[in-house]
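Input: a single structure, listed below in structure tokens.
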Amino acid sequence: MKDPVFVIHGVANRNRDEFTASVSALAAAAGVAMVPVHWGDLGAQDNFIDAALPTYRSEQDTLRDGAEPELVLAEPVAAALLAEAIDEIRQLSQVEDAVRAQLSEGKHAEGEGLRDGSDPWLDPDQIMEYVREAWDDTEWLCRTDDPHLLRETGRSLARLLLDDADPDLDDAYHGLRGDGPDVPDRLRSLVRRRLNDLDRIAGAAVQAVGARLNHAVRSRFGPGTTRFLGDVLVYQRHRDAIHARVRQVIEDVDPDLGRTAARPVRIAAHSLGGVIAVDMATDTRPLWTESLVTFGSQAAFFHVCDPRGGQLTPYGGSMPVRLPASLNRWTNLWEPMDVLAFAASKVFQLHDGTAPVDLPVSHQASTGMWTHSAYWGLPYVASVIGNVMSRDQPTEAP
């Protein structure tokens, strides 16, 4: 008789029937007999997690149609959102190139009245002198190194100055083209005002994106991440009880499974389930494991941050940690958009000197942005599990 593959779930799996159904579907797709190991009833109590989540909405807020309140970012936050190390010479060089190009284009355009190259007050050198004076007073533009934004700033500033030189705009035209020593001051003032206008537009755009990102993080990533943290905390405190549940399920199938090198188990595990499987396989009283397939798991991340103990030595940064023979083979799947998935091959080394196999899982657009739970339904994941486990099909001795 062939031994089944035991499947250990990860975080936020409270419904035993739903998990059992997921394992049945995975078993059918992989072509391997599987037994679900459900420990979700021992996990975090997440009924009232929402009560602990922060919100920007106060009781006095009156928002129509359930709209999110405006997220106003203070100036220090603006600095954190945008680039930190800025080359101002490079910044202004890109702005200047765009200013000169736009002024040249405007002056040579047909039918543009005064835009014929005969306007000495539209001197790009003078304009850039005033831009440099005002640049440090901007809150957003001075902190970006995005070349597209800088070029568009220069082009927009030049367009605004060209419009102010248009004779059809009598007030602006005569104000700038007036005679007297105050003309440079007027141009300086105009450059500063226009640059400040563009800075406010850039700031408004960044804050709008920030508000949407904040909403997306809280509504899409927040609940999953919060439940992940809750189960991690519970596992750290109640590891023995959860390990005992896993062993009990295995013993119910066969009391000899996993106890010795002669009867190792095969395990597929998702998320925190992969951490559980690695912890048990490397324990001082190990669960002997022939093949382990993890998907969206964090065993390497946890060991780097806080050594797991058992038979594992801490990771020192230069050499991978040697895994005991009680964990014979390990294949680790990760999806690029899954923020809770980590690689294993740089942190760990199998007992025979080879590395665990890290396999990327292609991102499917249909899974959206929160991909941590998407592995269960992906054909590639089922295919890898089937291929790995088919190589290790221990049978009972006749």
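Scoring 3-11, 30-38 by mean Cβ neighbours within 10 Å over their residues and listing the highest first yields 3-11, 30-38.
For a quick check of your reading of the filter: which chymotrypsin sites (Phe, Trp or Tyr not before Pro) in region 326-384 sit in a DSSP loop and have no more than 14 other Cβ atoms within 10 Å?
Passing sites in region 326-384 do not exist.
Taking Cβ atoms as reference points and 13 Å as the exclusive limit, the residues near TRP334 contribute a net charge of -2, counting Lys and Arg as +1 and Asp and Glu as -1.
Other residues within the sphere of radius under 12 Å centred on the Cβ of LEU149, judged by their own Cβ, net out at -1 (K and R +1, D and E -1). Using the Cβ of GLN298 as centre and a radius below 12 Å, the other residues enclosed give a net charge of -3, where K and R count +1 and D and E count -1. Each residue of region 247-264 was assigned a 3J(HN,Hα) from its phi angle through the Karplus expression (A = 6.51, B = -1.76, C = 1.60, θ = phi - 60°), giving 4, 5, 4, 5, 5, 5, 7, 6, x, 8, 5, x, 7, 9, 5, 6, 9, x Hz with x at Gly and Pro. Each listed q (0.15 Å⁻¹) maps to a log10 I(q)/I(0) for region 257-398, found by the Debye formula over equal Cα scatterers with no solvent: -0.72. Here the calculated FRET efficiency for HIS351 and ASP137, from their Cβ-Cβ distance with R0 = 51 Å, stands at 0.20, rounded to the nearest 0.05. Fewest neighbouring Cβ atoms within 10 Å first, the residues HIS363, HIS270, HIS148 line up as HIS148, HIS363, HIS270.
Laboratory data are not the source of any read-out in this text; all were calculated from the coordinates shown. In this text, all values refer to a predicted model and were calculated from it rather than measured experimentally. For neighbour counting, all protein chains shown are included, and Cβ atoms are generated from backbone atoms with ideal geometry for every residue, glycine included.
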